[in-house]
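Take a look at the structure below.
The numbers here are math on the coordinates, done by the rules we state, and not lab data. Everything numeric here is computed off the predicted structure, so don't read it as measured data. Here the Cβ positions follow ideal geometry from the backbone for every residue, glycine too, while neighbour counts run over all protein chains shown.
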């Protein structure tokens, strides 16, 4: 830790403690801001639309899916664009952030070998950048809802809490996957292949009601179903998610954070030999 | 007080080949792969205000020693203690983002070294002046030459107000006049009572800049003392071997 008048002991075999890592991250808050700033600006530095690409991507998909599915699901889901986007934005945050976090740790590997920074800072900065994009997408969704005259409900005020829960879940998954991907290059490929499959196992594009009863267990056992639901319910259905859904989503995200941290903590001390 | 203390520090790696899931399934997890020791049972203390050179052939563990001292890697055995603020300057161009301008990279690098934007802004002009890249400071780093990047990296690391500075093979680049200014700045550091640890293949530079020298061989300290003595021994050993 680069703090004046501080004594730093680095003991063989000492494991990473959550409290120390949190202190360390707090001491590097400034670096976190720089990393987020870099994430958000560098990516689009040489493109003409720049930051807009972040918004254009889900909007383009929305246009496609609305054309394809809104007629099909007309009875189940009026205002299909809101139905789709309210869930897809959250999904997109999850899948993009997980992918970016793995890339970020690989990309910043040389850096981790040369300066002392908290090991989880690159994962955390991917989450924060993702959340910034997520908020912008949510604003874009609001604009679309106004344009298509979808009803705006007071339950929208619950959305920040939902996003926070989704953020915690994503952080846990990212910690585990980034740590694993440092040791096994296959993990990145598996995630790339797995994410689209997971999308179709989650009711993002289609309503649950069209899933045949014999397959419904897949959707019901998929933790992402609950995380998507707590975002969609207050936006699209205009009511708070059921207590059962909230508890399920909360439990899933806490389990994700805890197991993600345990995996990360186990692997992080040997990162530098593998990066 | 000691700026850096190592007590019985070893750093070892499993000598392993590229491991993929497939390989893992085929071979299973074999726990007893041999270890490779990058540092072996090193004990040393560097006092505040000392200037210490580290010499030795490639793969002797010089950079590993700096990394342990900086707290970048955890020792496999023993304890490493660092006191006060320690700034490592290791291998060039790390911590530079190709698409960002020189100015933006100064801020980013400062953040990596634990400094705030305000602290870096206050130093900005001095850093730019010392590095001699005034004309290019607003152009993206990808347009810089290796020498320019080296100068910028050195300027940033030495402008940051640190009690201890660790320099890894940094003086090998840059032209003669820049090297002279680097040497002068390192001497100034020493005069100010800061701690300087310098890894270099250039024994002349070590001789002029450092009072004390450590000689590493195969991860162990084989010489430690006044620079003249250790370097004389080292050179004699080298000419014997050569």
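Sum -39500 (n - 2.57) across every DSSP H segment of at least 4 residues in chain A, then divide by the residue count to get the 222 nm mean residue ellipticity, nearest 500.
-22000 deg cm²/dmol
Per residue of A:112-122, count partner chain C-beta atoms within 10 Å of its C-beta, then hand back the mean as an integer.
Mean number of neighbouring Cβ atoms from other chains: 5.
On a 0 to 90 degree scale, rounded to 10, what angle separates helix A:243-267 from the longest Cα axis of chain A?
Approximately 30 degrees, to the nearest ten.
Does anyone have the angle between helix A:52-69 and the longest principal axis of chain A? Alpha-carbon axes, 0 to 90°, nearest 10?
Its long axis makes an angle of about 30 degrees.
Relative contact order for the stretch A:51-204 using alpha-carbon pairs under 8 Å, separation at least 6, rounded to a whole percent?
After rounding, I find 31 percent.
Mind checking B:36-42 for the average number of partner chain beta-carbons within 10 Å of each residue's beta-carbon?
0
Can you tell me the Rg and the Dmax, both Å, for the Cα atoms in the stretch B:2-241?
In Å, with Rg to one decimal and Dmax whole: 19.5, 60.
The stretch B:62-119 to the stretch A:225-267: how many Å between their Cα centroids?
Answer, in whole Å: 37.
What average number of partner chain Cβ atoms lie no more than 10 Å from the Cβ of the residues making up B:100-110?
2
Just need log10 I(q)/I(0) for the stretch B:27-150 at q = 0.10, 0.18, 0.19 Å⁻¹, Debye formula, equal scatterers on the alpha-carbon atoms, no solvent, rounded to two decimals.
Treating every Cα as an identical point scatterer, log10 I(q)/I(0) equals -0.48, -1.06, -1.11.
Debye calculation, C-alpha points only, no solvent: report log10 I(q)/I(0) for the stretch B:141-235 at q = 0.13, 0.14, 0.21, 0.25 Å⁻¹, in the same order as the q values.
Taken in order of the listed q values, log10 I(q)/I(0) reads -0.49, -0.56, -1.10, -1.35.
Who wins for biggest fluctuation among B:168, B:224, B:202 in a Gaussian network model of chain B, springs between alpha carbons below 10 Å?
So, out of B:168, B:224, B:202, the one fluctuating most is B:202.
Principal axes first, then extents: for the Cα atoms of the stretch A:181-275, list largest minus smallest coordinate on each axis, whole Å, largest first.
Answer, in whole Å and largest first: 50, 26, 23 Å.
Taking the Cα centre of each part, how many Å lie between the stretch A:60-102 and the stretch A:150-211?
Answer, in whole Å: 13.
Would you calculate a helix-derived [θ] at 222 nm for chain B, using -39,500 (n - 2.57) for each DSSP H run of n ≥ 4 and dividing by the full residue count, to the nearest 500?
The per-residue figure over chain B is -12000 deg cm²/dmol.
Over the stretch A:18-273, what lengths in whole Å, largest first, do the semi-axes of the equivalent ellipsoid take, defined as the square roots of 5 times the eigenvalues of the alpha-carbon gyration tensor?
Square roots of five times the eigenvalues give 32, 21, 17 Å.
Based on the Cα gyration tensor of the stretch B:183-230, what are the three equivalent ellipsoid semi-axes, each the root of five times an eigenvalue, rounded to whole Å and given largest first?
Largest first, the stretch B:183-230 gives 21, 11, 10 Å.
Binning at 10 angstrom from zero up to the longest distance, how are the C-alpha pair distances of the protein assembly as shown distributed in percent?
4, 17, 24, 22, 16, 10, 6, 2, 0
Hey, what did chain B get for relative contact order, percent, Cα under 8 Å, at least 6 apart?
Relative contact order, chain B: 27 percent.
Relative contact order (percent) for chain A, with alpha-carbon contacts under 8 angstrom and 6 or more residues of separation?
Worked out over chain A, it gives 26 percent.
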